[in-house]
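These notes concern the structure reproduced below.
The values are calculated or read from the model by the stated rules, or taken from the named source; none is laboratory data. Keep in mind that this is a model prediction, so the values were computed, not measured. Positions of Cβ are backbone-derived with ideal geometry, glycine not excepted, and every protein chain shown enters the neighbour counts. Accessible surface areas use protein heavy atoms only, side chains included; no ligands, DNA or RNA. Shrake-Rupley method; radii C 1.70, N 1.55, O 1.52, S 1.80 Å.
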Amino acid sequence: MCGIVGYIGKGCSVPILIEGLKRLEYRGYDSAGLALIEKGEIILEKTKGKVDALEGKIAGTRFESTVGIAHTRWATHGEPNDKNAHPHIDCGGELALVHNGIIENFSALKTYLEGKGHRFVSDTDTEVIAHLIEENYNGSLLLAISAALAEVEGTYGLAIISKREPDKIFTARRGSPLIIGKGDGEFFVASDVAAVLKHTNEIIYLEDGEIAEVRRDGYRVTRANNEEVKKKVQQISWSLDMIEKGGFDHFMLKEIFEQEKSLRDTLRGRLNEKEGTARLDGLLGYSEQLKKADRLIITSCGTSWHSALIGEYLIEELAGIPCEVEYASEFRYRNPIVREGEIMFVISQSGETADTLGAMREAKKRGGIVLGICNVVGSTIARESDGGVYIHAGPEIGVASTKAFTSQVLVLFMIALMLGRMRGLSKKEGTKLVKEAMRLPGIVGKILREDRKIGEIADRLSRHKNALYLGRGYNYPVALEGALKLKEISYVHAEGYPAAEMKHGPIALIDDDMPVIVVATKDFTYEKIMSNISEIKARKGWVLSIVTRGDTMIADLSDEVIEVPELIPSLMPIVNVIPLQLLAYHIAVKRGCNVDQPRNLAKSVTVE
Ligand code: G6P
């Protein structure tokens, strides 16, 4: 949510800031701006719109500045316009800052500061921080920032420059990620490693409550009491081409097509065919608790919540452990029951989602053991959890999650398999599951070859304003995810439903203008879903079914089918979601939507 990048070094900061912003634009993109220290003065440039608009605005101006901060925004307080765009400055124009997060007590602070004579120009919560630092300034910027932040309630990732101390960038974090990138005679500040990867892969992660003073030749990190903290420099293994489009029109399409590889990466070194199990090192420390657990909780948001639902089905089927799946935003605010030593899995691609993080901290406070399932190495959830599993899907830039979803489900499959083997699943059965999992990436590759056909079906569907997605059993969460993908990127209203529930409401919507997409591959619900399709056809509904290759029965009932190869039902969600991802993608493109940056959404939701 929002992107921050800052640079202090030897070269001109502007191209570095603009390039960094472009890499962060997937996190928020309704306005953009930068602030520089140029010949001892603060220069401010900002505008509504995307980074391109900012670039256009400053084209032709020559800058020499080697110190600057920049921001791409996802509005929380105040509509997206020029004046609300970051950076924000204090009354004296002495300092400029950019902010991710939400200042919850901004209204009270604003009233207090206005009483002291400060003049506000924006409607944002962020601007209060600039004035609060100004108010607290007494010769030391670090102390002023520290004093100001002590009065702030809420979350922030901040980067601040000031002409009082022109050779520094100050940065601070509470609840919103921030990193420092270490270069050669230059340093970077960013909310996400993607912004600095072109220049360095040596990263310092700030923790909540830390403030850093970053210079050209080094940095110093302190906590609120001004006590210095020694930080580790970590090497990031992601490379630049992993965060570029590589010839595809959109990141989303690239990421859909990467799934054969990302699933292989998720599996790598983790399956043990001989023992019929999976080895997940990050869970080894909790084997005893997992063996004895009489309940597991899984929490997450958005697409990750859909993978959690599949996780519930998997763990209950393969390991016989009751699971509770909770929206993180609900869990954290409803006095949840977490017994001492009870295990909660937390799923988050970014590892930064505010509600998921909040739920995780709540569970820990109540004595729970929290195990993360994350993609971004070194992310807050990954660092704060007691253990866990990385999904190794590689960077996901498209706002609509695709490859992270399939890798999450695959990790959950391996967890269920491992738990199952600990709790009575036979070696023979385990080995069969391992063999099927090994076939999965190749099968996904085959479905991707159906892209052209799916594009043609999308042609037919792109004219409709609504769609209903149905599935049963393992395919019910797949229907939810298919519908979410469509609404996220094409703005078509789509609902996912358990197929049998259709007759309790959605059936009233069925007519020839309501396409129904049914996930109907062969499993124990096959006959039942066939009846559901007949019910739709009897009401003149138009049906697209995802079917097992060679299935003529459902094909005869449906108006259109997409065939997929067969695997065991517990792995079919990963197979079946691929055509739905492609369908949503093609419909969105045909409707002229911005697939990678859908309106109002952000990749990483670091506000509640
Ligand atoms: C946002 C993204 C979704 C994602 C959700 C949870 O809404 O747009 O794609 O599923 O956040 O994100 P997480 O990083 O926690 O999986």
Item to check | Rg to Rh quotient for region 296-349, alpha carbon positions, Kirkwood Rh | outcome: 0.96
Item to check | Of Lys292/Lys435; Lys261/Lys432; Lys46/Lys163, pairs whose Cα-Cα distance is over 24 Å | outcome: Lys292/Lys435
Checklist entry - Do the sum for the chain: with -39,500 (n - 2.57) for every DSSP H run of n ≥ 4, divided by all residues, what is the mean residue ellipticity at 222 nm, to the nearest 500 deg cm²/dmol? => result -11000 deg cm²/dmol
Next on the checklist: Rounded to the nearest 20 debye, what is the charge dipole size of region 95-254 about its Cα centre when +1 sits on each Lys and Arg Cβ and -1 on each Asp and Glu Cβ?
Outcome noted: 300
Checklist entry - Hull surface divided by four, with the convex hull built on the Cα atoms of region 5-92: how many nm²? => result 5.6
Checklist entry - In Å, the Kirkwood hydrodynamic radius of region 556-608 over pairs of distinct alpha carbons? => result 14.1
Checklist entry - If you count the DSSP beta bridges with both ends in the chain, what percent of them are antiparallel, to the nearest 5? => result 60
Checklist outcome for this item: In region 33-141, the GluC sites (Glu not before Pro) that sit in a DSSP loop and have at most 12 other Cβ atoms within 10 Å of their own Cβ are Glu64
Item to check | Cross-link pairs beyond the 22 Å C-alpha cut-off, checked among Lys403/Lys487; Lys48/Lys465; Lys22/Lys110; Lys291/Lys428 | outcome: Lys48/Lys465; Lys22/Lys110
Item to check | Set of aspartates and glutamates with alpha-carbon distance to Lys446 below 13 Å, sequence-local pairs under 8 removed | outcome: Glu258, Glu260, Glu563, Glu566
Item to check | Longest to shortest principal axis, alpha-carbon extents of the chain, angstrom | outcome: 77, 54, 43
Checklist entry - Which of the GluC sites (Glu not before Pro) across region 289-393 are loop residues per DSSP, with 11 or fewer other Cβ within 10 Å? => result Glu340
Checklist entry - Dividing the convex hull volume of the alpha carbon atoms of region 67-127 by its residue count, what do you get in Å³ per residue? => result 84
Checklist outcome for this item: Of the candidates Gly247, Ile204, Val189, the farthest towards the positive dipole end of the chain (Lys/Arg Cβ +1, Asp/Glu Cβ -1, centred on the Cα centre) is Gly247
Checklist entry - When the scattering of region 148-213 is computed by the Debye formula from its Cα atoms alone, each counted once and equally, what is log10 I(q)/I(0) at q = 0.18 Å⁻¹? => result -0.67
Checklist entry - Tell me, what are the semi-axes, in whole angstrom and largest first, of the equivalent ellipsoid of region 256-322 as set by the roots of 5 times the Cα gyration tensor eigenvalues? => result 22, 19, 11
Item to check | Around Ala555: net Lys/Arg minus Asp/Glu count, Cβ-Cβ under 12 Å | outcome: -4
Checklist entry - Hey, what's the chain come to in accessible area per residue, 1.4 Å probe, Å²? => result 37
Item to check | Unit charges on C-beta of K, R, D, E only; dipole of region 340-452, Debye | outcome: 600
Item to check | Degrees between helix 451-461 axis and first principal axis of the chain (Cα, 0 to 90, nearest 10) | outcome: 90
Item to check | Acute angle (nearest 10 degrees) that the helix 141-151 long axis makes with the longest principal axis of the chain, alpha-carbon atoms | outcome: 50
Next on the checklist: Name the residue from Ala584, Val547, Pro565 whose Cα lies farthest towards the positive end of the charge dipole of region 511-608, charges +1 on Cβ of Lys and Arg and -1 on Cβ of Asp and Glu.
Outcome noted: Ala584
Item to check | Derived scalar couplings ³J(HN,Hα) [region 569-580; Karplus, 6.51 cos²θ - 1.76 cosθ + 1.60; whole Hz; x for Gly, Pro] | outcome: x, 5, 9, 5, x, 5, 5, 6, 6, 4, x, 6
Checklist entry - What is the log10 of I(q)/I(0) for region 462-608, computed with the Debye formula using one identical point scatterer on each Cα and no solvent, at q = 0.11, 0.14, 0.15, 0.21 Å⁻¹? => result -0.39, -0.63, -0.72, -1.30
Checklist entry - Counting only protein heavy atoms and using a 1.4 Å probe, what share of the accessible area of the chain belongs to carbon plus sulfur, as a whole percent? => result 48
Checklist outcome for this item: For region 19-146, the Cα convex hull volume per residue in Å³ comes to 111
Checklist entry - Once the mean 1/r over all distinct Cα pairs of region 425-510 is inverted, what Kirkwood radius in angstroms do you read off? => result 15.4
Checklist entry - To the nearest 10 degrees, how steep is helix 403-422 against the longest Cα principal axis of the chain, on a 0 to 90 scale? => result 60
Checklist outcome for this item: For the chain, the dipole about the Cα centre with charges only on Cβ (Lys and Arg +1, Asp and Glu -1), to the nearest 20 debye, works out at 1060
